[in-house]
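Written out below as structure tokens is the structure these notes cover.
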Amino acid sequence: TLRPRLAGVPALVMPRRMLTVTRTLFMTDGEQHIYDKLHGELQPTKLSVTDSSGGCGSMYVVEIEAECFRGLNRVKQTKMVNGLLKSELKDMHGMRVLCTVPPEKA
């Protein structure tokens, strides 16, 4: 099932905390579930969840930028994301996680 993402809200006027970078305006149920879980726990400044398996939910790409990653190496950042999605990972073939830290404010 596809759901519209923030229907009727132009991307250019969305507040930074709601900014998402996606390839389409719609999310599968699996993408929405992962997005909601990560967004609720990590409060990212940027978050993109893409089903890279063609819609069957066996493989995902997660791109996330969050302040809570500051000071952690990439392995610890990825483990943080994987830990939150531990139960979901059992039903997947795999997940690619790309973590970044927001730029420091001057």
Handout entry: Extension reserve of the Asp29-Lys105 stretch, reckoned as 0.36 nm per residue once the Cα distance is removed
Key = 23.9 nm
Practice task
Quick one: work out Rg over Rh on the C-alpha atoms of the range 28-92, Rh as Kirkwood radius.
Solution key: 0.95
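Coordinate-derived values only; no laboratory data. Since the model is a prediction, treat every value here as computed from it, not as a measurement.
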